[in-house]
């Protein structure tokens, strides 16, 4: 697969970071929704302003690990406090799922090898790049979340994969 410059791996890494944050915040939000806990309630329970999690969710802010752990603890505290026996506690692996680890692994691979090398030597990256399209499309609907370079390079990569019959 020719036509993707080695320096474009950094652009793909930036895109993957946004996909990672999108997936992560949606996983955490899914846990809130299933327990009928609002963003404002979570924010207040972590000692932050009422719009903190909403802003983190909408702006794809990269929260610190301490904030993540406090968030999980706060959700579980809210459940216990309200006597919601029918709701199970949030477990870290439901938020930090296998897909997030795959995104992180590919991002690490891109920091050590260019995309050309990975496409030749790690065929599963082709399926991965096609598979994240749903997230890229969702991010693209969020004004200003993706740069024109990220959109262009991702579309170019998919187009080349498709023309090679790699998807």
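Report whether or not residue 146 is modelled with pLDDT of 95 or more and either on the phi < 0 side of the Ramachandran plot or not assigned by TED's automatic domain parsing to the domain that holds residue 14 (or both). In short, yes.
Okay, residues lined up against (1) closer than 29 Å to residue 140 by Cα; (2) touching a helix residue (DSSP H, G or I) at 6+ places or on another chain (Cβ under 6 Å):
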residue	(1), (2)
41	yes, no
53	yes, yes
57	yes, yes
64	yes, no
71	yes, no
81	no, no
87	no, yes
91	no, no
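Here residue 64 meets the list (1) touching a residue at least 12 places away in the same chain (Cβ under 8 Å); (2) within 18 Å of the chain's Cα centre (by Cα); (3) under 21 Å from residue 108 (Cβ atoms) almost entirely, failing just condition (1).
Screening residue 144 with (1) in a helix (DSSP H, G or I); (2) surrounded by fewer than 16 Cβ atoms within 10 Å (Cβ to Cβ) gives one miss only, at (1). So, residue 88, is that one over 16 Å from the mean Cα position of the chain (by Cα) and outside any helix (DSSP H, G or I) or not? So residue 88 fits the description; yes. Which condition number does residue 55 fail, the rest of (1) under 17 Å from the mean Cα position of the chain (by Cα); (2) closer than 23 Å to residue 99 by Cα being met? Among (1) under 17 Å from the mean Cα position of the chain (by Cα); (2) closer than 23 Å to residue 99 by Cα, residue 55 violates only (2). Set side by side, the residues 81, 122 differ, and just one is modelled with pLDDT under 95 and assigned by TED's automatic domain parsing to the domain that holds residue 18, which is 122.
What about residue 139, is it within 21 Å of residue 21 (Cα to Cα), at pLDDT 95 or above and assigned to a helix (DSSP H, G or I)? Quick ask: steps written out before the conclusion?
On the way: within 21 Å of residue 21 (Cα to Cα): yes; at pLDDT 95 or above: yes; assigned to a helix (DSSP H, G or I): yes.
When the stated conditions are applied, residue 139 passes them.
Can you tell me which residue is modelled with the highest pLDDT among those in the stretch 149-167 that are assigned to a helix (DSSP H, G or I) and over 16 Å from residue 15 (Cα atoms)? Within the stretch 149-167, the match that is modelled with the highest pLDDT is 159. Scanning the stretch 96-122 for residues that are over 12 Å from residue 20 (Cβ atoms) and touching a residue at least 40 places away in the same chain (Cβ under 8 Å) yields 110, 111, 113, 114, 115, 116, 119, 120.
The values are calculated or read from the model by the stated rules, or taken from the named source; none is laboratory data. Since we're looking at a predicted model, the values are computed, not measured. Neighbour counts are summed over all protein chains in view; Cβ atoms, including those assigned to glycine, are modelled from backbone coordinates with ideal geometry.
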